[in-house]
Amino acid sequence: MKSTPNVLPWKNTPYEMDCNLAMGHLLMNLQPRLQVNGRVHAETYIAAVGAIAGYAAQRTLFAETPPVVGRNIHRIDTKSGEQYWFGDALNNMLMPKTEADGSRCLWSLAAGGALGAGLQPQQIPNLDAMFKHVVSTIGGINEGRSSVPAQHQAHLAARDLLKLVWPLALTCLSGKIPGAKREFGAAPVAWWSAIAAQASNRPIQDVKQVLAPDIALTLLMESAIYCSKLEQSSIEST
């Protein structure tokens, strides 16, 4: 994986400050939201980062290009009644296709965080295997769970974890931060995916003393891949 300077993709746009603040508030507030008895479980934190990033990627894609079933996007119905989104358009929100995509796609930024935490390039987990794992578990007892060893699973399955943390993410993205003396501008939905992807770089480095970067990267990405497929009404229903 080629290392390139990470320039915030919204730099020099009219929304630069709004996006910067949204990312900063997300990084600052996510860990406290997950505290139990004053402590944060590293695996649950990393999975939450991935869950937000994956779902934000879907929201950005659908805001820019409303889904038309059968046109590079497919909706799958399961026996349980749940619906899931599949397709190259969705997958490409997570994986960079060009060098320019590297500053706004989750895979390059999360992998960069793992390299920064000490992972060697030859140790980077296989991304195709992650996609296959996520797809193979949908509808089964391990749905929303990562392929990492049992002792490194998050405390919640990815869907439940996303339901817990997405309201916080929306608060940060909207600029309506609890306790702030004033509201800030909302980050446009078009930048949500990039903001969440950029926010994935540091957490893997933050937990490197207790969670190996290859495991953290797998946990984060599989959580993201799964949450990118979830129907909006199953996460944001009132």
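Under the condition of being open to solvent by less than 30 Å² (accessible area, probe 1.4 Å) and small (Gly, Ala, Ser), which residue from the range 113-131 is nearest to residue 201 (Cα to Cα)?
Per the stated criteria, the residue is 113.
Of all residues in the range 147-187 being open to solvent by less than 30 Å² (accessible area, probe 1.4 Å) and outside any helix (DSSP H, G or I), which is farthest from residue 236 (Cα to Cα)?
148
Run residue 87 past the list (1) farther than 16 Å from residue 224 by Cα; (2) in contact with a His (Cβ under 7 Å, 6 or more places away or on another chain) and report the number of the one that doesn't hold.
Only one criterion is unmet by residue 87, namely (1).
Being open to solvent by 80 Å² or more (accessible area, probe 1.4 Å) and without any contact (Cβ under 8 Å) to a residue 12 or more places away in the chain is the filter; apply it to the range 37-74 and report the residue that is nearest to residue 7 (Cα to Cα).
Here the residue is 66.
Within the range 23-30, is there a residue that is of a type in the set (S, T, N, Q) and either over 22 Å from residue 184 (Cβ atoms) or open to solvent by 60 Å² or more (accessible area, probe 1.4 Å) (or both)?
Narrowing the range 23-30 to residues of a type in the set (S, T, N, Q): 29.
Pick out the ones that are also either over 22 Å from residue 184 (Cβ atoms) or open to solvent by 60 Å² or more (accessible area, probe 1.4 Å) (or both) and you get none.
Checking the range 23-30: not a single residue is of a type in the set (S, T, N, Q) and either over 22 Å from residue 184 (Cβ atoms) or open to solvent by 60 Å² or more (accessible area, probe 1.4 Å) (or both).
Applying the selection to the range 56-67, what residues are modelled with pLDDT of 95 or more and touching a Lys or Arg at 6+ places or on another chain (Cβ under 9 Å)?
58
Within the range 192-238, which residues are part of a helix (DSSP H, G or I), of a type in the set (A, V, I, L, M, F, W, C) and either more than 13 Å from the chain's Cα centre (by Cα) or surrounded by fewer than 23 Cβ atoms within 10 Å (Cβ to Cβ) (or both)?
Within the range 192-238, the first condition is being part of a helix (DSSP H, G or I), and the residues that meet it are 192-198, 201-206, 213-227, 232-236.
Now drop any that are not of a type in the set (A, V, I, L, M, F, W, C), which leaves 192, 194-197, 204, 215-217, 219-221, 224-225, 227, 235.
Scanning the range 192-238 gives 215, 235.
I need a count of the residues in the range 75-97 that are among the β-branched types (Val, Ile, Thr) and open to solvent by 50 Å² or more (accessible area, probe 1.4 Å).
1
The values are calculated or read from the model by the stated rules, or taken from the named source; none is laboratory data. All figures in this text were calculated on a predicted structure; none of them were measured in a lab. Note that each Cβ is placed from the backbone with ideal geometry, even for glycine, and that neighbours are counted across all protein chains shown. Only protein heavy atoms, including side chains, enter the accessible area calculation; ligands, DNA and RNA are left aside. Shrake-Rupley method; radii C 1.70, N 1.55, O 1.52, S 1.80 Å.
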